[in-house]
Each structure stands twice: as structure tokens, then as C-alpha cells.
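Chemist: Quick one: structure below, then a few questions.
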Amino acid sequence: MKKYKRIVIKVGTKVITAKDRTLDKGRLRELVGQISCIKSNGMDVILVTSGAIGTGMGLLGIKKRPAELVELQATAAIGQSHLMHFYSEYFHSKGYRVGQILLTREDFADPKRSGNIRSTIATLLKHKAVPIINENDTVATDEIKFGDNDQLACLVTELCGADKLILLTDVDGLLDEKRRVVSVIRKITPGILKLSRSGECDLGSGGMMTKLLSAQKAVRSGVECVIANGKSKDVLIKILAGECVGSTFKVVARSKCGDINK
Ligand code: GLU
């Protein structure tokens, strides 16, 4: 397994929810197993998870994402505790504790708060616990919310000095016009950005565009990023074993590629 010091893994709503919007416990357990394996290989893992609203909807039997903010916030509150219960149980069965961290955009803008986030994460990692982060959906209003966890994962990557970012979704990676996976991206060109078919989905709120923007930001700060299918078996292990899985956004020295990030 390729060694990284610290990996941020973001799990999208569709990866861990079943068709009826209930939590896909089998998938969650499988992902926890892979993360535990990575941790036992000496790497720090910070998890950014979506799914609070999605699983909250499942628990409440709601089919359509609530339009009213207060309904959305209550749905997230119900889903978040359910989600954490199972993360906690599954990690515990592998010998790891978890620590929940709920954040808003404002927290990153404030140096004191962001310093607190950094040191709490570092201390959790020191205790071999898994920091599990989500947006604080119950307090986030339009002005302060990230809107999607892809951006949040990218900010966490920078804040914690991680050296790898993995964004897990329900597609195999960035797909070209013929629906083939673009395996390696050395330069994020307008053509690459055009391949994203961003749009609202009824469970989470990110899309391929938010993932591309996060990947772009990550490589800009020198961190390699992979977008891959969180539903495919052993996906995290395969990525770290160097197998060609998903879309990898390489960090390329500026002198070699010109204006990679313009
Ligand atoms: N924070 C939202 C949730 O847990 C997800 C946001 C996103 O999909 O990126 O449901």
C-alpha cells in the first residue's frame, strides 16, 4: 500500500444510502473496514461524510428533499445522529473511536476557530480516533453554508496538512463524452470542466462540478486528488495500492505544465 501521512476521505450521500433513502449499513460497514485497514497501515484518516439529510429523509419517510430550511435542518439533525451511531458502532468493532465535528464556513474564516478545529483533529488522531466531519446543517443558513461537502473536504485537507484527498461518489470518476472514465488529469482545462454535469440532486447537494473545483484547489496546494466510485468493492484499498481506479488529479510542477490552474 502506498504510504501517505494523512488522507481526507469524503463520502457522498448516494454512496451510503439505499434506494429507499435508508442508510446502507452494509456499505457503511465495508467502508469502515477499508478505512480501518488504512489506519492499521500507519496512515491518518479524516472522514468527511454526507448523508445526514439523505438518511434523515429515509427515517422520516420523506420522498422529496424538504424545501423549507427549518425542515431541512431538522431532517439533518435526525439523520446525523443516526449516521454517527452506525459509524461509531462499526469503527468500535474494529478497535477505533470516532469523534464528531460539525462545521460551518464561518469556522474556517475565523483564525481562532480554525485553529481549534486543527488542534482538535490533531488530538483525535493522536488518540487513534477517526475524526468524522460534516457540515453543521442545523445552524448553517444560506450566508454561511458550504452547500456541499466537496468544498468542506478540500478546506479540511488544507487545514490539516493532508497529502491525499479522495472524493467518493456513485459514479466511476470523471466521465468523457462517451461515458468513459478519464483516468489521469494533469491539467484542469475548460474542456475538462465542461465534462462535469453539475446539478442539484435530491439527496446531497454536490455534483461533478463541485468535485472538480475541489480537486483543482487541492492540486493547487500540492495535494493529489482522486474521484472514485464509493460503491465499488475495495475502492480505497485499490486506490492506495496504486491501481488505476477512478480519476486522479495529479500535481504537476508549474514549470512542466504552464498555467495548470488558470
Ligand atoms: N451536509 C449534507 C448532509 O449531510 C450534505 C451536503 C452534500 O451533499 O455535500 O446531508
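Chemist: In terms of Cα to Cα distance under 15 Å, which aspartates and glutamates are near enough to residue 217, apart from those fewer than 8 places away along the same chain?
Modeler: 148, 150, 158, 163, 259
Chemist: Step through the table entries 25/63; 19/231; 25/94; 178/250; 126/233; 5/250, compare each Cα-Cα distance with 25 Å, and write down the pairs that go over it.
Modeler: Numbers: 25/63 20 Å; 19/231 13 Å; 25/94 15 Å; 178/250 22 Å; 126/233 29 Å; 5/250 17 Å.
Cα-Cα > 25 Å for 126/233; rest within.
Chemist: For every helix of n ≥ 4 consecutive DSSP H residues, a contribution of -39,500 (n - 2.57) applies; sum these over the chain, divide by its total residues, and give [θ] at 222 nm rounded to the nearest 500 deg cm²/dmol. Don't skip to the end; give the middle numbers.
Modeler: Values: 11 runs with 114 residues, N = 262.
Helices in the chain give a 222 nm mean residue ellipticity of -13000 deg cm²/dmol.
Chemist: Using Cα springs under 10 Å in a Gaussian network model of the chain, which residue among 56, 230, 161 shows the largest mean-square fluctuation?
Modeler: Residue with maximal mean-square fluctuation among 56, 230, 161: 161.
Chemist: Taking the Cα centre of the range 60-183 as the origin, how large is its charge dipole in debye, to the nearest 20, when only Lys and Arg (+1) and Asp and Glu (-1) carry charge on their Cβ atoms?
Modeler: Numbers: 16 positive and 18 negative charges, 113 e Å.
So the magnitude is around 540 debye.
Chemist: OK, next. Can you put 120, 104 in order of Cβ neighbours within 10 angstrom, beginning with the fewest?
Modeler: Values: 120 13, 104 19.
Fewest-to-most ranking of 120, 104: 120, 104.
Chemist: Another question about this same structure. When a/c reaches 1.5 or more, the comparison of a/b and b/c decides; with that in mind, is the range 20-116 rounded, prolate or oblate per its Cα gyration tensor? Provide the component values of the computation, followed by the final result.
Modeler: Working: a/c = 2.77, a/b = 1.18, b/c = 2.34.
Oblate is the answer for the range 20-116, as a/c is 1.5 or above yet b/c matches or exceeds a/b.
Chemist: Hey, another quick one. About its Cα centre, how strong a charge dipole does the chain have in debye, to the nearest 20, once Lys and Arg get +1 and Asp and Glu get -1 at the Cβ?
Modeler: Working: 42 positive and 28 negative charges, 223 e Å.
Roughly 1080 debye, rounded to the nearest 20.
Chemist: To the nearest Å, what is the center-to-center distance of the range 3-20 and the range 112-138, using C-alpha atoms only?
Modeler: 17
Chemist: Amide H of residue 99 versus every other amide H placed in the peptide plane: which residues, excluding those fewer than 5 positions away on the same chain, fall under 5 Å?
Modeler: Counting only residues 5 or more places away or on other chains, the set is 130, 132.
Chemist: Fewest to most neighbouring Cβ within 10 Å: what's the order for 189, 210, 17, 141?
Modeler: Values: 189 12, 210 21, 17 26, 141 9.
In order of increasing Cβ crowding within 10 Å: 141, 189, 210, 17.
Chemist: How charged is the neighbourhood of residue 235? Take every other residue with its Cβ under 12 Å from the Cβ of residue 235, and add Lys/Arg as +1 and Asp/Glu as -1.
Modeler: On the way: positive: 27, 231, 233, 238; negative: 30, 170, 172, 234, 243.
Net of charged neighbours comes to -1.
Chemist: Assign one of three labels to the chain, namely rounded, prolate or oblate, based on the Cα gyration tensor with a ≥ b ≥ c the square roots of its eigenvalues; rounded applies when a/c is under 1.5, prolate when it is not and a/b is larger than b/c, and oblate otherwise. List each step's numbers first, then the result.
Modeler: Working: a/c = 1.34, a/b = 1.21, b/c = 1.11.
Because its axes are fairly even, with a/c under 1.5, the chain counts as rounded.
Chemist: Might you report the magnitude of the Cβ-based charge dipole of the range 18-132 about its Cα centre, with Lys and Arg at +1 and Asp and Glu at -1, to the nearest 20 debye?
Modeler: Details: 17 positive and 10 negative charges, 53 e Å.
The dipole magnitude comes to about 260 debye.
Chemist: Select from 98, 237, 45 the residue farthest towards the positive end of the dipole of the chain; place +1 on Cβ of Lys and Arg, -1 on Cβ of Asp and Glu, and compute about the Cα centre.
Modeler: 237
A short reminder: the numbers here are calculations on the coordinates, not readings from a lab. No experiment lies behind these values; they were computed from the predicted model shown. A quick note on method: Cβ atoms are made from the backbone with ideal geometry, for glycine too, and the neighbour counts reach across all protein chains shown.
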